[in-house]
């Protein structure tokens, strides 16, 4: 039997195959670096090949494609023209990884059942990751802090956990109101576990982002579901419990903030982020258009900043600057590393993302998959922005998780003919 390779690949290069690979990627995201990378590569190869082997080329271009391409091009230009700083191609690969994931998902169609399965796998994989992280932290003492295996460093893990915690908590309320009891119980237990794990960490910025997204999500549920005084009072008490109970059991974050403030005021409470910001702004002022190059913030030295001040005739005050390996701020870091053009590309993507989730927000009678994807998207956006004020979000695994939320919701809008 003579069957051409292209015909075989056409048969299997469907959204169902894309969905299968995506499930594997989502499962590996917090627990397996190699598995995640292999799945991401397979996703991109299958999607591109499915376009190339079609007899009729039928690519539908969306405005979001332009924004994703612009974001990548500005990062690429900053790397190419980063002299005298090194070309950080590894940073560009990271940007490509999470943007390409969003692109593949946006241009795929998934059924309502597939979306729910995807969300469940995302939850289950995170639970496995949390169990593994707690075991290595508290039992075998392989780790000093709690970390998800594939995500790594504790603050990066906290950003990932903030997205998952916010999404699962708010989604659990929706499922209870929709009387989907088995799924509601699964998501609720997972949410309680993830919130607990998030709070025993040390990232105040991630916790603040979690609360910001959760309160917004609960407010939206309040508007869409709660039509009786009893229901509103119950939700109000649940919201108060959400904010107060965790800190009663684990007041570490509050104690850390108070002790730092007593020790050294704003600079201490921010762990020197205001001084790191001064370095970012100095770099932005010197390399206005394309910055020092994506991933090069840690390469900026005190001698560099001193020379910029000497050339411009300004006085350099040593106590106003702290030099760290990364900027601890998504926005200032983007300005320093990718310049004004990169910053505009970032704002463009975030503004469009915000417009999409607000313009196409769900109603009380919207399907579970629509609610679940919307909450994941708004949770990711909240954490990217709020935690981005204190740390470098939209990066590595939590960058892929954020783009997963953005892409899946956009894919649903396309599937339902909304966009």
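The values are calculated or read from the model by the stated rules, or taken from the named source; none is laboratory data. Note that the structure is a prediction, hence the values are computed from the model and not measured. All Cβ positions, glycine included, derive from the backbone under ideal geometry; neighbour counts span all protein chains shown.
Quick notes on this one:
- Test: residue in region 283-300 that is farther than 24 Å from residue 203 by Cα and free of Cβ contacts under 8 Å to residues at least 12 places away in the same chain: no
- The test for being assigned to a helix (DSSP H, G or I), within 21 Å of residue 299 (Cα to Cα) and in contact (Cβ under 8 Å) with a residue 60 or more places away in the chain holds for residue 337.
- Within region 165-177, considering residues that are within 19 Å of residue 196 (Cβ to Cβ) and in contact (Cβ under 8 Å) with a residue 60 or more places away in the chain, the one surrounded by the most Cβ atoms within 10 Å (Cβ to Cβ): 167
- Number of residues in region 78-91 that are in a helix (DSSP H, G or I) and in contact (Cβ under 8 Å) with a residue 12 or more places away in the chain equals 4.
- Residue within region 358-368 that is part of a helix (DSSP H, G or I), over 20 Å from residue 164 (Cβ atoms), without any contact (Cβ under 8 Å) to a residue 40 or more places away in the chain and out of contact with any helix residue (DSSP H, G or I) (no Cβ under 6 Å at 6 or more places or on another chain) present: yes
- Residue in region 211-221 that is modelled with pLDDT of 80 or more, under 21 Å from residue 362 (Cα atoms) and more than 22 Å from the chain's Cα centre (by Cα) present: yes
- Search result, residues across region 393-414 that are surrounded by 23 or more Cβ atoms within 10 Å (Cβ to Cβ) and assigned to a loop (DSSP other than H, G, I, E, B): 393, 394
- Among (1) part of a helix (DSSP H, G or I); (2) surrounded by fewer than 22 Cβ atoms within 10 Å (Cβ to Cβ); (3) modelled with pLDDT of 90 or more, the one test that residue 288 misses: (1)
- Residues in region 189-217 that are over 18 Å from residue 357 (Cα atoms) and in contact (Cβ under 8 Å) with a residue 60 or more places away in the chain: 190, 193, 194, 197, 203, 204, 205, 206, 208.
- Options 31, 21; residue that is under 24 Å from residue 402 (Cβ atoms), in contact with a helix residue (DSSP H, G or I) (Cβ under 8 Å, 6 or more places away or on another chain) and in a loop (DSSP other than H, G, I, E, B): 31
- Qualifying residue in region 312-330 (condition: within 14 Å of residue 394 (Cβ to Cβ), touching a residue at least 12 places away in the same chain (Cβ under 8 Å), in contact with a helix residue (DSSP H, G or I) (Cβ under 8 Å, 6 or more places away or on another chain) and in a helix (DSSP H, G or I)): yes
- Some residue of region 126-142 being in contact with a helix residue (DSSP H, G or I) (Cβ under 9 Å, 6 or more places away or on another chain) and not in a helix (DSSP H, G or I): yes
- Of the residues making up region 49-77, those that are in a helix (DSSP H, G or I) and either at pLDDT 90 or above or farther than 21 Å from residue 14 by Cα (or both) number 15.
One line per residue, one yes/no per condition, for (1) modelled with pLDDT under 95; (2) buried (at least 16 other Cβ atoms within 10 Å of the Cβ):
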residue	(1), (2)
315	yes, no
318	yes, no
333	no, yes
351	no, no
355	no, no
364	yes, no
